[in-house]
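Have a look at the structure below, then the notes.
Here, each number is a calculation from the coordinates, and none is a lab measurement. Computed from a prediction, not measured in an experiment: that's the story for all the values here. Please note: Cβ atoms are built from the backbone with ideal geometry, for glycine as well, and neighbour counts cover all protein chains shown.
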Amino acid sequence: MNYAKKQFVFFIVYTVIGIVAFTVALFHNFAYNYSNGLIYGIAGACTATGILGTISSIRLINNPKKAERIEIAKNEERTQLIRMKSHSSAYTIIIFLESITTIILGFLRLKEASITIATILIAQIIITIIFLSYYSKKY
C-alpha cells in the first residue's frame, strides 16, 4: 500500500471519527455545558480535516508521479535527519518551557496547576528514557 492510499484510509477514518463525535454530541446530554461545545469542536475539526485530507489524498492517487515524488522525499535520509533534529529541538524547548511554567506557577501559589505540569514533565522524561532504552537496543 503506497503513501497516497495510506493517507486516504487515514483521512477516511478521521472523517468517520468526526461524524461519530457529531452524532454523540447531538444525541447525548452532557452534565456540563462546556462538554457539548468541546465535542462539537472536536467533531468539527476531525470532520473538516478528514474531508480536506481525503480530497488531497484522492488528488495524489490520481497523480501517481507526484505521489511517488512525495514518498521518495518523505523517505530520504536527509529529510528524516532534518525531521528528527527539529522534533528533538522542539521537544527540548517544550521541556524547558514546562519547567519554567512549573516554577512560575509555584511562585504564584497555584499548587494544583504546578503539580499537574510537573507530573506531565516527569512523565515526558520517563517516556524519553524508555524510548532511548528501546531504540538503543533496537539499533
What distance in nm separates the two pseudo spin-label positions at I115 and K65, each 7 Å out from Cα along the beta-carbon direction? 6.2
For E77 and Y32, calculate 0.36 nm times their separation in residues minus their Cα-Cα distance, and state this gained length in nm to one decimal. 11.3 nm
In the range 77-139, how does Rg compare with the Kirkwood Rh, expressed as the Rg/Rh ratio over alpha carbon atoms? 1.13
Would you mind checking the pairs K65/K85; K6/K137; K85/K111; K111/K137; K74/K137; K65/K138 and listing those with alpha carbons more than 32 angstrom apart? K85/K111; K111/K137; K65/K138
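In whole angstrom, how long is each semi-axis of the equivalent ellipsoid of the range 1-75, when you take the square root of 5 times every eigenvalue of its Cα gyration tensor and sort them from largest down?
Working through the eigenvalues yields semi-axes of 34, 10, 8 Å.
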222 nm [θ] for the chain, helices only, -39500 (n - 2.57) per DSSP H run of 4+, per residue, to 500? -32000 deg cm²/dmol
Evaluate the chain: find the radius of gyration of its Cα atoms, find its Kirkwood radius, and give the ratio Rg to Rh. 1.09
Inter-site label distance for S99 and Y135 at 7 Å from Cα along Cβ, in nm: 2.0
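What's the magnitude of the charge dipole for the range 77-139 around its Cα centre, counting Lys and Arg as +1 and Asp and Glu as -1 at the beta-carbon? Answer in Debye, nearest 20.
The dipole of the range 77-139 has a size of about 200 debye.
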If you average the alpha carbon positions of the range 5-40 and of the range 83-104, how far apart do those two centres end up, in angstrom? 30
Filter the DSSP H helices in the chain by two things, a Kyte-Doolittle mean of at least -1.0 and an axial alpha-carbon span of 18 angstrom or more, and list the hits by number. 3-27, 33-62, 77-107, 111-138
According to a simple spin-label model (label point 7 Å from Cα along Cα-to-Cβ), what is the distance in nm between I58 and V16? 1.8
Charge dipole (debye, nearest 20) of the chain; +1 at Cβ of Lys and Arg, -1 at Cβ of Asp and Glu: 440
